[in-house]
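K.L.:
Following this message is one structure expressed as structure tokens.
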Amino acid sequence: MCGRFVVAKAVGDIVTTFEVDEVIGEMPAISYNVAPTQQVAIVVDRSFEKDEDGGPVGELSRELHSARWGLVPRWAKGESEGAPLINGRIETILEKPSFKDSVIRRRCVIPASGYYEWQVKPDGTKQPFYINAGEGMFALAGLYEWWKKPDGSWLLSTTTLTKDSAPELAHIHDRNPLLLTPDTFEAWLDPHIIGDQELLGAISSGSDEVAAEALFTPVAARVGKVSENDSNLILPL
């Protein structure tokens with residue numbers, strides 16, 4: 001799974017890297033320890049018009065939004081109902097009521113400099129690793145949803161997708177986030193493309209290509225505390 005990640009780039013850098021057309025609202029600041037239920041930046045491709053079935057019509061605009069990490073299904077009774085849905089398993093995501101509708105057309109990318117994962121040692125202790133894209137950024141495959149609050153306002157929330165770990169990362173953990181390639185990035189964001197098993201299979205295969213090039217290093221255990229948030233967290237031991 002992916003339970004903590006890093007965004008070490010400013011909004012302007014994210015806009016440039018992901019070719020964003022418009023920034024919608026206030027964006028979260030740089031963070032070296034993003035935790036569940038916190039706000040994260042997401043990239044979405046949206047059209048200004050829709051057909052009678054809700055499908056996009058015409059030209060798309062690439063937007064950067066701030067969303068709560070932990071997807072709140074449209075039918076949820078409250079935004080804090082149950083554990084935060086921060087990850088969705090790609091193998092079963094089309095079977096899950098919480099996610100399957102979002103897979104069809106509400107797909108997004110979560111920009112991340114890297115993420116943390118904990119390796120379980122033979123003695124049972126856990127060693128955190130920082131798995132990262134070096135000077136670049138990962139494009140994490142995600143889903144988003146809008147939930148109407150009791151006061152009539154709307155909450156935008158998101159989740160990341162995970163898969164069986166790539167061979168190069170399997171010694172750290174048995175799962176890793178879905179990491180998009182330039183080709184799968186465009187297909188994943190395009191709402192004209194219906195999300196189905198074929199699309200999920202394509203992004204899963206491409207993810208291993210990106211993971212094979214990822215950098216990783218052990219880091220200090222204090223990353224496990226949500227209150228810790230500074231650039232020294234990603235320094236190698």
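The values are calculated or read from the model by the stated rules, or taken from the named source; none is laboratory data. Since we're looking at a predicted model, the values are computed, not measured. No Cβ is skipped: glycine too gets one built from the backbone with ideal geometry, and neighbour counts run over all protein chains shown.
K.L.:
Please find, within the range 85-100, the residue that is farthest from Asp164 (Cα to Cα) out of those that are outside any strand (DSSP E or B) and in contact (Cβ under 8 Å) with a residue 40 or more places away in the chain.
P.N.:
It comes out as Phe99.
K.L.:
Taking the residues in the range 142-198 that are under 20 Å from Thr92 (Cα atoms) and among the charged types (D, E, K, R) as candidates, determine which candidate is surrounded by the most Cβ atoms within 10 Å (Cβ to Cβ).
P.N.:
Here the residue is Glu145.
K.L.:
Mind listing whichever residues of the range 91-132 are hydrophobic (A, V, I, L, M, F, W, C), over 21 Å from Gln38 (Cα atoms) and surrounded by fewer than 19 Cβ atoms within 10 Å (Cβ to Cβ)?
P.N.:
Listed by number, the residues that qualify are Leu94, Ile104, Val120.
K.L.:
Something else about it: Would you list the strands (runs of 3 or more DSSP E) that sit entirely within the range 115-164 and hold 1 or more residues that are within 17 Å of Val219 (Cβ to Cβ) and of a type in the set (S, T, N, Q)?
P.N.:
Fully inside the range 115-164 and qualifying: 126-132.
K.L.:
Within the range 43-73, how many residues are in contact with a Lys or Arg (Cβ under 8 Å, 6 or more places away or on another chain) and either at pLDDT below 85 or not in a strand (DSSP E or B) (or both)?
P.N.:
4
K.L.:
Only one residue in Gly152, Gly142, Gly134 is closer than 20 Å to Pro111 by Cα and over 17 Å from the mean Cα position of the chain (by Cα). Which one?
P.N.:
Numbers: Gly152 fails: closer than 20 Å to Pro111 by Cα; Gly142 fails: over 17 Å from the mean Cα position of the chain (by Cα).
Unique residue meeting the criteria: Gly134.
K.L.:
Of the residues Asp164, Asp151, which is of a type in the set (D, E, K, R) and under 25 Å from Tyr116 (Cβ atoms)?
P.N.:
Going through Asp164, Asp151 in turn, the sole match is Asp164.
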